[in-house]
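Here the structure comes first, spelled out in structure tokens, and everything after it is commentary.
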């Protein structure tokens, strides 16, 4: 392989990685929008790519009743299925409604009741992860 071919391969790989990152970010923003549409509180997005092999992003939200936690969960599932044709690889906690987890592989969604969120405190546990700035998303929404 020539030096020129290696440079082209690297350029192609960088472009693909950037495109993949942009698609994942759009996916995360769609999840955030669905949660916000159901009045989720204290929405936080952590980019955990550099600190965990589990996922690229965590989306963390609060519902103020079991019914609201389930409604947020349903809204996310429906919006992602409709817009991306994806279903969670795994969902946990939906019956109880205290803490619902959707695992989409590259994105893990946590929807908590306030007391559960305070107890598990994922933001502190993953405090070294980068927080995603929602201001751009918020300005588009308003």
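The values are calculated or read from the model by the stated rules, or taken from the named source; none is laboratory data. Remember, it's a predicted structure, so these values are computed and weren't measured experimentally. Please note: Cβ atoms are built from the backbone with ideal geometry, for glycine as well, and neighbour counts cover all protein chains shown.
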### Message
Checking the structure you have, find out if any residue of the stretch 19-28 is modelled with pLDDT under 95, touching a strand residue (DSSP E or B) at 6+ places or on another chain (Cβ under 9 Å) and in a loop (DSSP other than H, G, I, E, B).
### Response
no
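Residues 90, 70, 117: which one is touching a residue at least 40 places away in the same chain (Cβ under 8 Å) and either surrounded by fewer than 13 Cβ atoms within 10 Å (Cβ to Cβ) or farther than 18 Å from residue 22 by Cα (or both)?
The unique qualifying residue is 117.
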### Task
Take residue 62 and decide whether it is surrounded by fewer than 18 Cβ atoms within 10 Å (Cβ to Cβ), within 15 Å of the chain's Cα centre (by Cα) and modelled with pLDDT of 95 or more.
no
### Message
For the list (1) assigned to a helix (DSSP H, G or I); (2) over 10 Å from the mean Cα position of the chain (by Cα), I need the number of the one condition that residue 32 fails.
### Response
(2)
### Query
Where residues in the stretch 73-85 are more than 21 Å from residue 114 (Cβ to Cβ) and in contact (Cβ under 8 Å) with a residue 40 or more places away in the chain, which of them is nearest to the chain's Cα centre (by Cα)?
80
### Wholly enclosed strands (runs of 3 or more DSSP E) of the stretch 65-142 bearing at least 1 residues under 18 Å from residue 42 (Cα atoms), in contact with a strand residue (DSSP E or B) (Cβ under 7 Å, 6 or more places away or on another chain) and modelled with pLDDT of 85 or more
99-103, 107-112
